[in-house]
Amino acid sequence: MKPEPLTVRSPLLPLLLAALLLAGCAGGPQPLLERWQGRNDTAQASSGQPVVLRPANTVQLPAAGISDEDVFFALGEARIDSEALPKLAAHAARLKADPKLCVTLVGHTDDLGSPAYNLAIAQQRVDAVFDALRGLGVSRNQLRRYPVGSEKAPAGCRQEACRSKLRRVEFQYAR
C-alpha cells in the first residue's frame, strides 16, 4: 500500500510562504529612516567616503550634525533634565506656529553597550522627547520617531566629553 501524499489545506499557508520568501529576500535589517527615504544612507561617494543622504525637503535646525538645540542625556538615562525644557518649549512653539511642519526625532547614543542596548535606550530617549512635545501641545501628526542608537556614532570618539555629545535626540525638520 502506497502512503498518501501529505497535504496541508490552510488559508494561512500562502501568507506564511509569502512571509518566508520576503524574509529571505530582505538582505538583512535596514533602519526605518532608510526605508522611509527609499535609499541607503551609507552610499559611497567617488572619494570612497560615506555619504549621508536625507530627503530633499529636510531643513536642519540649525545645521547638520550636533546642535545646541538637540536634547542631551546622561549616560544610561532617558530622563529629560531641566536644561532641556526651554529647548523643548522652543521646538514646540515652532511646530505649533506652522502646522505643516514636521520633525523627525532622531535618537543617538554613544558606542558604549551592545547595539541592542543602544537601540533600546535611543528609543526610550526619542519616546521621552515625543511625550514632552505632545505634553506641550504639539500634534502627533507633526512628530516622527527614529532611534539609530550607536549606528552613526563616530569611531574616533573615545573620551567622555565626546561621548556625552553623542547621547542626544536630534531634531530634523521637514515639510
Select from the stretch 113-135 the residues that are touching a helix residue (DSSP H, G or I) at 6+ places or on another chain (Cβ under 7 Å) and surrounded by fewer than 22 Cβ atoms within 10 Å (Cβ to Cβ) and write down the one among them that is nearest to P154 (Cα to Cα). A132
Among (1) crowded, with 17+ Cβ neighbours inside 10 Å; (2) among the acidic types (D, E); (3) over 17 Å from S67 (Cα atoms), there is one condition D98 misses while meeting the rest; what is its number? (1)
Can you tell me which residues in the stretch 67-119 are in a helix (DSSP H, G or I), small (G, A, S) and free of Cβ contacts under 8 Å to residues at least 12 places away in the same chain? S82, A93, A97, A116
For the stretch 133-143, indicate whether the set of residues that are touching a Ser or Thr at 6+ places or on another chain (Cβ under 6 Å) and not in a loop (DSSP other than H, G, I, E, B) is non-empty. no
Only one of these is among the small types (G, A, S) and either under 18 Å from the mean Cα position of the chain (by Cα) or modelled with pLDDT under 90 (or both): G76, G135. Name it. G76
Which one of these does A161 not meet: (1) assigned to a helix (DSSP H, G or I); (2) touching a residue at least 60 places away in the same chain (Cβ under 8 Å)? (2)
Residue in the stretch 85-132 that is nearest to the chain's Cα centre (by Cα), counting only those that are basic (K, R) and within 16 Å of E170 (Cα to Cα): R125
Just wondering, is there one or more residues in the stretch 146-158 that are at pLDDT 95 or above, closer than 29 Å to P99 by Cα and hydrophobic (A, V, I, L, M, F, W, C)? no
A155 - would you say it is more than 15 Å from F72 (Cα to Cα), assigned to a helix (DSSP H, G or I) and over 18 Å from the mean Cα position of the chain (by Cα)? no
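The values are calculated or read from the model by the stated rules, or taken from the named source; none is laboratory data. The structure presented is a predicted model; accordingly, all values stated were derived computationally and were not measured. Heads up, the Cβs are rebuilt from the backbone with ideal geometry, glycines too, and the neighbour counts pull from every protein chain shown.
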